[in-house]
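The values are calculated or read from the model by the stated rules, or taken from the named source; none is laboratory data. These numbers were taken from a predicted model, which means no experiment stands behind them. Cβ: placed from backbone, ideal geometry, glycine included. Neighbour counts: every protein chain shown.
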Amino acid sequence: MPTKQKIKQLADQYADRLKKAIDSRVDEMLVDDVSHYLIYQVLGIQKTEGHLIDIYQNKGRFLYKYAGSFLEEASKLCFKDEFPDSGSLRIPNTRGQRPKTFEIDCLIGNDAVEIKWKDATTDGDHITKEHTRIQVIADAGYTPIRVMFYYPNRKQAIRIQETLATLYEGIGGHYYYGDSAWGFVNTRTGIDLKAVLEEIAAERSGDAA
């Protein structure tokens, strides 16, 4: 089966799972204790708006989770079709006690590719953890590569990503984000993943030609 068709099937599966998860959570919320709406009202948010905020907060949590998992898996499909021996791998942490292992999202030869759909973290500890992870990967003889499709918008999150990019380059790795991330997948696999996803999105929004 062509990779493009596999990605479309994967999109269908994720869309179905997302809908079921959201529908289930919204049903659960019908019997939730909403006494906290009192505080919303104190802060100027009326019950109807507060209810919608709670619903969309829950929907957003599911959407972010499924969006990230889908894009990671779709990317892996591209790599897997071009490099059949590629796949995920756990390696022991040689730089500390926790965590015991680190996971490489997609190992292609000696290239240890981490796939992120986006990363908006503003937690400084994230830098330390990521630094340890890429050092462990380099210790194992692999080249750490970060592929992040969507760059954050907030200044603090951007500064953290800039620091991470410096860490990757400093250890002999590579950091791709935005257009360069899509380009990396296209160059390595011959599959224009972004174009495939744009086609699927157009079909689902009714904008397809």
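Out of contact with any Gly (no Cβ under 6 Å at 6 or more places or on another chain) and buried (at least 18 other Cβ atoms within 10 Å of the Cβ): which single residue out of Y177, Y150 fits that description?
Matching residue, one of Y177, Y150: Y177.
Residues to consider are L52, L71, L77; find the one that is without any contact (Cβ under 8 Å) to a residue 12 or more places away in the chain, aliphatic (A, V, I, L, M) and closer than 24 Å to R17 by Cα.
Result: L52 is the single residue among L52, L71, L77 that is without any contact (Cβ under 8 Å) to a residue 12 or more places away in the chain, aliphatic (A, V, I, L, M) and closer than 24 Å to R17 by Cα.
Yes/no matrix, rows are residues, columns are (1) of a type in the set (A, V, I, L, M, F, W, C); (2) more than 19 Å from the chain's Cα centre (by Cα):
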position	(1), (2)
Q13	no, no
A21	yes, no
L30	yes, yes
S35	no, yes
L52	yes, yes
Q57	no, no
D85	no, yes
P92	no, yes
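If you check I191, I145, I134, which single one turns out to be over 22 Å from L10 (Cα atoms), touching a helix residue (DSSP H, G or I) at 6+ places or on another chain (Cβ under 7 Å) and in contact (Cβ under 8 Å) with a residue 12 or more places away in the chain?
I134
Looking at I104, is it over 28 Å from L63 (Cα atoms) and surrounded by 20 or more Cβ atoms within 10 Å (Cβ to Cβ)?
Values: over 28 Å from L63 (Cα atoms): no; surrounded by 20 or more Cβ atoms within 10 Å (Cβ to Cβ): yes.
No, not satisfied.
Quick check on A157: is it out of contact with any helix residue (DSSP H, G or I) (no Cβ under 6 Å at 6 or more places or on another chain), aliphatic (A, V, I, L, M) and at pLDDT 95 or above?
Taking the combined requirement at face value, the residue does not satisfy it.
Just the residues that are in contact with a Ser or Thr (Cβ under 8 Å, 6 or more places away or on another chain), within 15 Å of D111 (Cβ to Cβ) and of a type in the set (V, I, T), please, taken from segment 140-177.
Within segment 140-177, just V147 meets the criteria.
Going through K19, K47, K65, K8 one at a time, which residue ends up being surrounded by fewer than 13 Cβ atoms within 10 Å (Cβ to Cβ), of a type in the set (K, R) and closer than 22 Å to A202 by Cβ? Give the derivation first.
On the way: K47 fails: closer than 22 Å to A202 by Cβ; K65 fails: closer than 22 Å to A202 by Cβ; K8 fails: surrounded by fewer than 13 Cβ atoms within 10 Å (Cβ to Cβ).
Result: K19 is the single residue among K19, K47, K65, K8 that is surrounded by fewer than 13 Cβ atoms within 10 Å (Cβ to Cβ), of a type in the set (K, R) and closer than 22 Å to A202 by Cβ.
Condition first: outside any loop (DSSP other than H, G, I, E, B), outside the structural domain of M1 (by TED's automatic domain parsing) and among the hydroxyl-bearing types (S, T, Y). Now tell me which residues in segment 57-103 satisfy that.
Residues satisfying the conditions are S88, T101.
Look at segment 168-188 and say how many of its residues are touching a residue at least 40 places away in the same chain (Cβ under 8 Å) and under 18 Å from the mean Cα position of the chain (by Cα).
Total meeting the criteria: 1.
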